[in-house]
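Some notes on the structure that comes next.
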Amino acid sequence: MYTLAGFDLPIGLLFDYLLHVNISHMKRTFLLFFLPFALLIFPSCGGEETNEDGSKKDTRILPSSSGTHSELLLVMSDDLWQGKAGEAFREKYLQDQEGLPQTESYFEVTRVEPSKVGSIFETVKTILWIEISDTSFVNLTKDPWARPQQLFRITAPNEKGIINAINGSAKKIITSFKDFNISVLQDRIKRGSYAYTHENLTDIGIKSMILRKGFEPTLDKENLKIFANMTVSSTVQYIIMSSRPMTEGLVRIDDIIEHRDSIGEHYFEGTFPGSYMTTEMIIPPTVSNTEISGMFAVETRGLWRMEGDFMGGPFLSYSIYDEKNDRILTVEALVYGPRAKKRNIVMELEAMMRSIKL
């Protein structure tokens, strides 16, 4: 049984810019626009050469990009920001991250005027540039000033066009930024990860997985592996791998919850005798389809709580359909840290779990 008690971590991972306006905690005013908008996103890269195999190679010497996790530099004028275009941006880009116990938006946004973008800001890894121009387009440029880096530009001749472009492109741009942030995190975690794949992982059919140093095995059963990491600031994180036979058809969300609750009841307890971990259903988990290691997977985000105790936190799980081995491999992470912000922690755990190769 594992006791979860007394753990906490203040997160000190956010990059602090001088002379900027931090807007992630500003009061949000929502305004919906349902005007038709035709959108094309054109990826572009400069300074590329062609290799012998025909692929393009970027040979420019660029500085390393800066910024951690979900930081986003917004380049937008005061006039647009204070008007309906700013409202459209806040509605789309400052929504709360699902599956967290406290209010935290996915993006940590810093806004600057276009004229203020200089060398100090040009190295930020994710940039969204919105401005009025003679032409209308939504354009992605990779590594324009630093590496790795994504720069999206949105332009239109007037504010109405800008609003339409923000609303029409938000889903694709946000998905692109999220995937990019995960890939950057994976590269950074590799530098401090295990230099080898832990034998407990290979025992359950995982060929490789990025696992940050500090995670140590605490349970090793044939179809159940648990790794734990207690930070110096006393936040505890768990990664749980479990395998079970494939059922006919797609597994229902009730089956996913029942499976995780069974592990929580048998292997996790709180500070009071008889307490155990279960899924918090007052705020139901969110479910979406994804892909891991080239296989179909179900992503579940939500909150766990301790039955018979006053403990809880976020969890994130992936149920991977391993048809070759006729099984479902579930990889789950959970966090406990009563006073800690958890967005960045969960994002790091997501990066590790999405690195799995079977």
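Separation of the stretch 203-246 and the stretch 141-183, taken as the distance between their Cα centroids, equals 35 angstrom. In units of the rule-of-thumb radius 2.2 N^0.38 Å, the stretch 163-241 shows an alpha carbon radius of gyration of 1.50. Label-to-label distance, residue 96 versus residue 62, with points set 7 angstrom from Cα along the beta-carbon direction: 3.6 nm.
Here the peptides 115-125, 63-73 are ranked by packing, the mean other Cβ count within 10 Å, and the order with the highest first is 63-73, 115-125.
Remark on residue 275: its backbone amide H falls under 5 Å from those of 270, a criterion applied only to residues 5 or more positions apart or on other chains, H modelled at 1.01 Å from N.
Local charge for residue 209 was computed over the other residues whose Cβ lies under 14 Å away, with Lys and Arg +1 and Asp and Glu -1, and equals +2.
For the stretch 316-358 and the stretch 73-132, write down the distance between their C-alpha centroids in whole Å. With the stretch 316-358 and the stretch 73-132 each reduced to a Cα centre, they are spaced 28 Å.
Between rounded, prolate and oblate, where does the stretch 148-202 land on the alpha carbon gyration tensor, with a ≥ b ≥ c its root eigenvalues, rounded for a/c under 1.5, else prolate if a/b exceeds b/c?
Values: a/c = 8.16, a/b = 3.48, b/c = 2.35.
Verdict is prolate for the stretch 148-202.
Which entries in 178/357; 172/342; 125/207; 178/342; 172/324; 125/178 show an alpha-carbon gap greater than 22 Å? With Cα atoms farther than 22 Å apart: 172/342; 125/207; 172/324. Peptides 287-297, 101-111, ordered by how many other C-beta atoms sit within 10 Å of their residues on average, highest first, read 101-111, 287-297. Under 16 Å of direct C-alpha separation, and excluding same-chain neighbours fewer than eight residues apart, residue 84 reaches these aspartates and glutamates: 131, 159.
Where a number appears in this text, it was derived from the coordinates with a stated rule and is not lab data. Because the structure is a prediction, the values reported are computed rather than measured. Using ideal geometry, Cβ is built from the backbone for each residue, glycine included, and neighbour counts are taken over all protein chains shown.
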